[in-house]
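Values quoted throughout were computed directly from the atomic coordinates according to the rules given, and no laboratory measurement underlies them. Everything quoted here is computed from the prediction, not taken from an experiment. Cβ placement follows ideal geometry from the backbone for every residue including glycine, while neighbour counts extend to all protein chains displayed.
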Amino acid sequence: MKRGIIFVVGAVALTLSRLCAAGPADYVYTPAVEYGEREIDFKAGRANTHDADQNSAASLGFGYGAKPHWFTEFYAKYESQGAGATHFDAWEWENKFQLTETGEYPVDAGFVVELERPQDHSEGYEVRFGPLFQTEFGKVQLNGNLLFERYYRASTTEPMQFGYQWQAKYRWAEAFEFGLQGFGDVGPWDSWDPADQQSHRFGPAVFGKLPVGVHKAIRYNAALLLKASSGAPNSTFRMQIEYEF
Amino acid sequence: MRRIVFLILLLPSVCLAADVELQLSIRNHRFEPAELHVPAGKRIKLTVINRDPAAEEFESYELHREKLIPGNTSGTIYIGPLEPGRYPFFGDFHPKTTTGVIIAE
């Protein structure tokens, strides 16, 4: 049973990675850690840019809830630009820390730290970090995250960048929830780019969890993000599928 | 910008204590008691004591909570405020026997 599910998830992942992709790391983090949980995680996305070109990316990772308040995940990331072939892009190590017990305070908090080592070593190391927030109103769940990103030991020096992500979802049923997601990049964290150079995207999203056995489930989410500023791609499709066990 | 980030970071520190504290045990892969009555509209601190040697995961879609409770340990779950109604929960490792319900009234 387990091998069959892994095969199906892998086959879907490989198929989708050819069809879509764009910023696979661009998924909305949530602050809660599920202690003891292991997951195989596939993400993909595709962005249609200003010149009708397409940038796509995908990642495959393994994650583990190592401690009650620490989740760690290791990814291999792939990308393609325009008509170019898909190629390996980077290794990434993500660590998420749950800072408050879920529901103890009006706002749940967490913190994420990612370390990425691009295949192109001239890019050095990318570090991405920031606080994660979540709150609920009845069946409505709201998330908002602030993310800071900086390259170290790169051939060129750039200031730390600032971005954000958010989602609002209605928990209609476990297998199908719906809402909105948004992502933005504003430039250097202490001196934002002019508005016409910033990237803001948002659009409809779906979410769900499908139990497939005792303590086993497939979780998914996907969104179609539309351009909300002149610096953003015209449209971006992004998705994530996780097999949890 | 820095002030905005600082204020957002302070948000979780707004503390609200739970109004009601309850205990729930897991023994022989069953919840004891299997039915909990709580007041609607109150914040609840639920301490789950796993008296079995095996781990169990408290799970409830209706309560939007998932928490692993290792064997012979306890864990705290904060829920509510709840609208009046029934909120089923179960143990994800033994979903056929480890079941229960919170009734908010």
### Local electrostatic count at residue A:203 - Lys and Arg +1, Asp and Glu -1, tallied over other residues with Cβ under 10 Å
+3
### Task
When a/c is below 1.5 the answer is rounded, else prolate if a/b is larger than b/c, else oblate, so apply that to the range B:13-105 with a ≥ b ≥ c taken from the square roots of the Cα gyration tensor eigenvalues.
prolate
### Task
Can you tell me the FRET efficiency between residue A:155 and residue B:64 if r is taken as the Cβ-Cβ distance and R0 is 56 Å, rounded to the nearest 0.05?
0.75
### Message
Taking 0.36 nm per residue of sequence separation and subtracting the Cα-Cα distance, how much length would be gained by fully extending the chain between residue A:120 and residue A:170, in nm to one decimal?
### Response
13.9 nm
### Summary
Answer check: the range A:112-236, Cα atoms, Kirkwood Rh, Rg/Rh ratio of 1.05
### Query
Taking the range A:125-168 on its own, what percent of its Cα-Cα pair distances exceed 17 Å?
46
### Message
Report, in listed order, any pair from A:169/B:96; A:139/A:227; A:209/B:67; A:96/B:96; A:77/A:139 with a Cα-Cα distance greater than 26 Å.
### Response
A:169/B:96; A:139/A:227; A:96/B:96; A:77/A:139
## Note on the structure
Here the convex hull volume per residue of the protein assembly as shown, taken over Cα atoms and given in Å³, is 136
### Query
What average number of partner chain Cβ atoms lie no more than 10 Å from the Cβ of the residues making up A:97-107?
5
### Task
State, as an integer percentage, the relative contact order of the range B:15-104 based on alpha-carbon contacts under 8 Å between residues 6 or more apart.
32
### Task
Between residue B:28 and residue B:105, with labels modelled 7 Å along Cα→Cβ, what's the label distance in nm to one decimal, could you check?
2.7
#### Entry: Peptide-level mean, for A:129-139, of C-beta atoms on other protein chains within 10 Å
2
